[in-house]
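The values are calculated or read from the model by the stated rules, or taken from the named source; none is laboratory data. These figures come from a predicted structure and were not determined experimentally. Cβ coordinates were reconstructed from backbone atoms using ideal geometry, including for glycine residues, and neighbour counts include every protein chain displayed. These area figures cover heavy atoms from the full protein model, side chains too; ligands, DNA and RNA do not enter into them. Shrake-Rupley method; radii C 1.70, N 1.55, O 1.52, S 1.80 Å.
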Amino acid sequence: MPLLAWLLLALSAAWCVVWFVHALGYWEDDAWIHLVFARSVASGQGFAFNGRVVYGDTSPLWMGLLAAFHAVIPDWMSAGKTLAALAAVFALRGAYFFSRSLVGEKLSAAQSNVFAAMMVLVLVTNPYFGYWAFSGMEALAAAGLVCWGLVAAKRAEASAGYFLVACGIAGIAPLLRPEMSIFCVLLMLLLGYGFLRNAEMRRRWGVMLTGIVLAGTPAIAWAMYALRTFGMVVPNTNGAKRAAPGDSVAMRVLHLYTLGFPLAVFGWSLLTGWVVWMLLRRKQNQILPTLGLLSLTGWLLLVWTKLNGWFYVLDHTFVQTRYIFVTAPVLTIAILALGAMRWPKLYRVGVIFGVVFGIATSLLAPWNLIHNKVQVDRDYADLAAYVRTLPPDAAVANYSIGESGFFSEHTIVDTGGITRPGAIPFMFDVTDARMLAWIRSQGAGYWVIDHQPEPGAVLVWSRDIPETGWYLNPSRYKGTERLQLWKLAK
């Protein structure tokens, strides 16, 4: 473990501490939704949002971990931040050992450790890390679970224990992020291939059957519970998080990858161009040895990313940066590993670019965004405090349901469709008429919206809150948005 590796890890740790402190007052609205469901489970009320049993949380594993941490740490926010910090440690350790596993057979031990430490630095300086690592969401933990699953898979051919660990990770992965269902299938195919080509392992069918049980039981058990409790296996979020009818999901996915992980986009593009160039020059004999430098675990990431992208397009999903943050960090590590083994000079240029790009983008966008989000969280807490003064049976319609639902504990009519899928057909209407009629049918007498929703509606609470978009122009964060609560006309 050379000194350079220790210095890189120390720098990464210091960067993480800075972001953790900066984000202490910030909790993503979807993370508040996790807390509402976790509070319901912890209090014995089941999988419910403020008393309403509904399939509105796509990460039952993360929600369960929040409830478990709360059992030890009474304050919900402290419990959540502790879980987020430990998840970051879990993920970064996974990234380190996965990185080392990719290059360990080609590079020396010292070089492998330096490479792994550099990959951790590339990951933590990424702008998506700064925004999501301590937001209360599960994306970074999911990326870490991918790393650990692939580390175990690489050792599975020589160890029944690692084989079972990898199968167990494949089993719980879909309960952490829905996209990881595809990862689960790919990981099991990889494990099965390694099992069958190993003569000694082929004789241990008991191990194989145990692994299949470990991989299949969690998802099957949850699907049975969901079907019995909610009457469906697919959560409401799948319908609620759809892109607008005219939007191009493919272009959005490409934009999000390029904005956050240009090394993955440009690196794989360059590799594709190199393969084509070798074919044109009739040097096919150089292609397979080069591609073979990257293990099957690395190529699995490329296949998984492509399959995820196709699913998003076919499902017309409104892809968010945290969806990308599950796959892109590990995919970036894989392409840089191939570069380090085959084109070391190009790899060094890529690493320098990645760190510089990541730091600059992080300071331009997520640093300012989190600063504003801290204030927005305070403003939503004040709004929730006002809602608590309303009659207990007063239902409030709102799109951002997480924090307002957690603090107010009132009935929230979700205009975003996560807990009330009836809103989904009206989400992209250019007028408020159909949505207004729907929220009235749900019993809402109040609506959180930035303009008067109908004649006769009365503004009962209002505040200008900081801008919360994703901008590379820091001056944009000086703007404001309207947060208003309207009492609907009789």
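Using only Cα atoms and rounding to the nearest 10 degrees, what angle (0 to 90) does helix 321-342 make with the longest principal axis of the chain?
10
Would you work out if region 342-447 is rounded, prolate or oblate? Take a ≥ b ≥ c from the square roots of the eigenvalues of the alpha-carbon gyration tensor; rounded if a/c is under 1.5, else prolate when a/b is larger than b/c, oblate otherwise.
Prolate shape, in that a/c is at least 1.5 and a/b is the bigger ratio.
Sort largest first and round to whole Å: the equivalent ellipsoid semi-axes of the chain, each the square root of five times a Cα gyration tensor eigenvalue.
42, 26, 21
Going highest first, how would you order 242-252, 273-283 by mean Cβ packing within 10 Å?
Ranking the peptides 242-252, 273-283 by packing returns 242-252, 273-283.
Please give the helix 3-22 orientation as an angle from the longest Cα principal axis of the chain, in degrees from 0 to 90, rounded to the nearest 10.
For helix 3-22, the angle is close to 10 degrees.
Test of understanding: what is the full-extension gain from Ala85 to Ile220, defined as 0.36 nm times their sequence separation minus their Cα-Cα distance?
Length gained between Ala85 and Ile220: 45.6 nm.
Suppose only helical runs count, i.e. DSSP H with n ≥ 4. What mean residue ellipticity at 222 nm does that imply for the chain under -39500 (n - 2.57) per run, divided by all residues and rounded to the nearest 500 deg cm²/dmol?
Computed ellipticity for the chain at 222 nm equals -21000 deg cm²/dmol.
Nearest 10 degrees, 0 to 90: what angle lies between the long axis of helix 366-387 and the longest principal axis of the chain (Cα atoms)?
For helix 366-387, the angle is close to 30 degrees.
Along region 172-184, what does the Karplus equation 6.51 cos²θ - 1.76 cosθ + 1.60 (θ = phi - 60°) give for ³J(HN,Hα), rounded to whole Hz, x for Gly and Pro?
8, 4, x, 7, 9, 9, x, 4, 7, 4, 5, 4, 4
Quick check on packing: order 449-462, 126-139 by the mean number of other C-beta atoms within 10 Å, highest mean leading.
In decreasing order of mean packing, 449-462, 126-139 become 126-139, 449-462.
Would you mind computing, in nm to one decimal, how far apart the modelled labels at Tyr386 and Ala360 are, each placed 7 Å from Cα along Cα→Cβ?
Simple spin-label model gives 4.2 nm for this pair.
Ordered by packing density, taken as the mean number of other Cβ atoms within 10 Å over each peptide's residues, highest first, how do 226-235, 160-169, 342-351, 316-325 rank?
Most protected by this proxy first, the peptides run 160-169, 316-325, 342-351, 226-235.
Rounded if a/c is under 1.5, else prolate if a/b is larger than b/c, else oblate: which is region 1-141, with a ≥ b ≥ c the root eigenvalues of its Cα gyration tensor?
Judged from the Cα gyration tensor, region 1-141 comes out prolate (a/c at least 1.5, a/b above b/c).
Taking the full set of protein chains and a 1.4 angstrom probe, give the accessible area of Phe311 in square angstrom, rounded to the nearest 10.
100
Provide the three semi-axes, in whole Å and in decreasing order, of the ellipsoid equivalent to region 153-304 as defined by the square roots of 5 times the Cα gyration tensor eigenvalues.
32, 29, 10
Which shape class, rounded, prolate or oblate, goes with region 299-389 when its Cα gyration tensor gives a ≥ b ≥ c as root eigenvalues, a/c under 1.5 marks rounded, and past that a/b bigger than b/c marks prolate?
Here region 299-389 falls in the oblate category.
Over the C-alpha atoms of region 72-213, what are the Rg and the largest Cα-to-Cα span, Dmax, in Å?
16.8, 53
Quick one: Cα centre-to-centre distance for region 247-276 and region 383-436, in angstrom?
37
Beyond a 27 Å Cα-Cα separation, which of these cross-linked pairs lie in this structure: Lys81/Lys106; Lys154/Lys283; Lys241/Lys490; Lys106/Lys345; Lys106/Lys283?
As for pairs spanning more than 27 Å Cα to Cα, those are Lys81/Lys106; Lys154/Lys283; Lys241/Lys490.
For Glu481, project a label point 7 Å along Cα to C-beta. Then give me every residue of region 429-458 with its amide nitrogen under 15 Å of that point.
Backbone N within reach: 448-451.
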